[in-house]
Amino acid sequence: MGKNRYLYYLVFLNMLVNVVVFVPEILIRDRFNGALMSVFIAVPISTALLFWFGKSLVQFPKQGLPEIFGRYLPKWLSIGLLLFFAAMWFLTGMILLLDYTKITKDFISPDVSKVTLIGLFLVLVCLAARLKSSTLLHATEILLLLTAPIILFILGKSVMNEDMSWDAIFEIGTNVLQTPTVDSLAAATFVFTGYTNMIIFHRVFGNEFRFRHLGIIASFGFLILLTSFLIPVGFHGTYGANRYTFPWVATADSMRIEMFVVERVVFLFILIYTIIVLVAAIIHWHISLELFKSVFSGGSGEKKSFRVTWIVLIMFAAVTMVLEIYLNGYQIFNAGSLWLKIRFFGELLLVTILVYAARRKKRA
Amino acid sequence: MNIMIRLTLVLAMILFLNGCGFKDIDKRFFVVGIGIDKSEKEDKPFRVSLKLAIPPEKPGKGAKFQVLTEETDTITEAIRNIKSKVDKELDFGQTKVIVLGEDFAQKDIRIVLDWLERRRDIQKIAWMAIGRPNAEKVLNVKPPSEQIPSNTLILPFEEGGTESQFIVSQKLFQFYQKYMEKGINAILPVVEAGDGFFTIDRVGVLDKMGLQLVLSKQETSMFNIIQTGLQKSDIQIGEKENLIMISADQASADYSIRSGTNQRPYVNFNMKIRGIVEEQKSLEPITQKMLNRFEQTGAQEIEKKALSLLTKLQERNLDPIGFGLRYRSRHWNNATEWEEWQKIYPELDFRVQADIRLRATGMVK
């Protein structure tokens, strides 16, 4: 049995969390200005990146980014890039936590202070991010398999809902012939980026690991993008959808389960997303932590590595906590949409360097 | 070292846990209905009523409730004032009905709608309605059969309750969707307060400001057929001794907007009614010939009724069916289509084609 399937969990995880990192918000904001075209363009771009990334990475069996960079890049460049990517992955986890704390605070526990909430999230995420890569992959598998049926249920319920305005969705469809914007393109490509988590997790995959079934990843990502963009439009109209701060929370709140303990789907939605967001944050911070460790304690003893781990994690927690205290909703959104753009260019850079390293290896 | 850090973290977590502001269920008052009326005073435009559910002493002892009313300048202030009249925390998480008084709805609902959408604890699946004569009276109706406060007002709107061809139901998010959209007008059911009962058989059409038109009972039924289709409805055909009532198990309509370059734009309406005869006044057995005649005259009557409703809405420049949105969604000139449609709609022709099929005459001929 190969471990190939874990790649798909990582990819699927990022597809699911798109709802929390402003992807639908940005697409809905640009709905008349090329958001749909961005979605259509994002699919081939991301599939091509995924293809080149996979093709290059399998040249280095059982190696992560630090090992590859260390061998094929000059030292200063390698360290600079590793720090940059470490910061990117840290930011992903941070934005997830910041935004999700806001949602939890608003809908689940308005009486609990946001500092308490994010404090609890941070304790959990920091403790779990230290675990072994293979342990995290196993946990991701179990948690995703537990939550996936409920997410499919919510998705199915929303698509089948009688109150959906298909005319509103078709109206967005007639806006397809617009020039795409950088914002919405960066947002749309995020959905496919789960594969980049392999820069660390590749270490625990075996020699026989290959990137397969790219077509399935591409079409699945495309469907997830369309649903996360268009279902809120169907529920709230072409103008109403743009008025919500969290379109998907409002959409979940617009559905009801007739025969169940709770009637409001929004509680079910938030419960499930708490799991998904925390898993995603753990995965991203784990990668960031491993990258930092490779820079600051590469090759040195157990004790130093332990110290670096805790210094980095406490820094992570402190920065997140401070930003949570000082930023309001709009500022988090602006930071998030800026981060999405930087992340998009970072992804292009990452794939380019990997392709370069793979070619050098072949020539050598 | 490791153990020390773990211990510190566990202690830190315990520190986090105190000071939680959660209130027990017996310290909460559940607001089951919100009513908003126009007040007589100039400086205090809102008359806000909250219907609070009182838990029964024993299970199944029947519903008790209390309606508290405040007149203020802002809704938030009204709720704060009501809070100081009760001993428990108000909880809007169970609010299932939002009633806007008729007088109030005619003026300006924008601020109230904004407030309803902004509050995170008000469910987007709460039912919206217009209250006649006003919202406070509607909230105060106490039907003798009611077991849970407000249930009599909630059930008719749900699929599980009565099924009536005169009831239009709108959830908060649906109302907001139509209200914000270009090319469709929002609708709300009109609930009339009676002595121990409600009458819900009309629909009101709203524009961006407020209530513009209330349709009659027959028009509401026709509107329901056109808008969503009906699975159970009674349709009357003919008059006096030719009168029959059809029990229709399907009544639906679909339409398409045709706008060519050389012709006046028109809407093609196809209505489909399938059912059986339920009551007749001629007292003769119904023959095949009569059945055919009923189908024909019935189709003509339905066409006439549909046409009169559509032209009535058109004359008032109201579009609750969403022709405008349909037009927008089928045209690619996104920059100009909306202006175009606003010119087209007043001149639009309606071509209604009804098709009635009577499957049987019932248990007797």
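The values are calculated or read from the model by the stated rules, or taken from the named source; none is laboratory data. Here the structure is a predicted model, which is why all the values come from computation and not from measurement. Here the Cβ positions follow ideal geometry from the backbone for every residue, glycine too, while neighbour counts run over all protein chains shown. Each accessible area value is taken on the protein alone, full model and side chains, heavy atoms only, with ligands, DNA and RNA left out. Shrake-Rupley method; radii C 1.70, N 1.55, O 1.52, S 1.80 Å.
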dims of chain A, Cα set, principal axes, largest to smallest, nearest Å -> 60, 46, 40
Averaged per residue, the 1.4 Å probe accessible area of the protein assembly as shown, protein heavy atoms only, in Å², is roughly 45
In the neighbourhood of B:N268 defined by beta carbon distances under 15 Å, the net charge of the other residues (Lys, Arg +1; Asp, Glu -1) is +2
Set A:K55/A:K293; B:K41/B:K107; B:K305/B:K343, cut-off 18 Å on Cα-Cα distance; pairs above it are A:K55/A:K293; B:K305/B:K343
The alpha-carbon pair-distance distribution computed for segment A:36-187, with 10 angstrom bins and whole-percent values, is 8, 17, 33, 28, 12, 2
Taking max minus min of the Cα coordinates of the protein assembly as shown on each principal axis, largest first, gives extents in Å of 101, 67, 52
Rounded to a whole number, the mean other protein chain Cβ count within 10 angstrom for residues of B:170-181 is 6
Row for segment A:276-364, column shape: gyration tensor on C-alpha, a ≥ b ≥ c, rounded if a/c < 1.5 i.e. under 1.5, prolate if a/b over b/c, else oblate; value oblate
Here the tail fraction of P(r) beyond 13 Å, over all Cα-Cα pairs of segment A:128-169, rounds in percent to 66
Each label sits 7 Å from Cα toward the beta-carbon; between A:E263 and A:R5 the label points are separated, in nm, by 4.0
For peptide B:118-127, the mean count of other chain Cβ atoms within 10 Å per residue Cβ is 5
Rounded to the nearest 0.05, FRET efficiency between B:E57 and A:T274 (Cβ-Cβ, R0 45 Å) equals 0.75
Here the Kirkwood hydrodynamic radius of chain B, Cα-based and in Å, equals 23.6
Quotient of Cα radius of gyration and Kirkwood radius for segment B:109-241, i.e. Rg/Rh, equals 0.98
Of A:148-156, B:245-253, ordering from highest average Cβ density within 10 Å down gives B:245-253, A:148-156
Debye calc, one equal point scatterer per Cα of segment A:164-315, no solvent, log10 I(q)/I(0) at q = 0.11, 0.17, 0.19 1/Å comes to -0.69, -1.15, -1.26
Plugging the Cβ-Cβ distance of B:N334 and A:A87 into 1/(1 + (r/R0)^6) at R0 = 41 Å yields, to the nearest 0.05, a FRET efficiency of 0.55
Here, B:L307 and B:S216, labelled 7 Å along Cα→Cβ, have an inter-label distance in nm of 1.7
Quick calc, the protein assembly as shown, dipole around Cα centre from Cβ unit charges on Lys, Arg (+) and Asp, Glu (-), nearest 20 debye, gives 3420
Here FRET efficiency (C-beta to C-beta, A:W166 to B:E241, R₀ 41 Å, nearest 0.05) is 0.35
For segment B:44-94, the accessible surface attributable to carbon and sulfur atoms (probe 1.4 angstrom, ligands and nucleic acids excluded) amounts in percent to 46
For B:T8 and A:R212, extending 7 Å from Cα along the Cα-Cβ vector and measuring point to point gives, in nm, a value of 4.8
If one compares the long axis through the Cα atoms of helix B:288-315 with the longest principal axis of the Cα atoms of chain B, the angle in degrees, nearest 10, works out at 50
Counting other chain Cβ atoms within 10 Å of each Cβ in A:167-177 and taking the mean gives 5
Taking a label point 7 Å from the Cα of B:E278 along Cα-to-Cβ, the residues of segment B:221-237 whose backbone nitrogen sits under 12 Å from it are B:231-237
Eigenvalues of the alpha-carbon gyration tensor of segment A:226-272, times 5 and square-rooted, give semi-axes in Å, largest first, of 21, 10, 9
Between the residues A:N197, B:I273, A:A317, the Cα farthest towards the positive end of the dipole of the protein assembly as shown, that dipole coming from +1 and -1 charges on the beta-carbon of Lys, Arg, Asp and Glu, is from A:N197
Computed on Cα atoms, Rg of segment A:10-116 relative to 2.2 N^0.38 Å comes out at 1.43
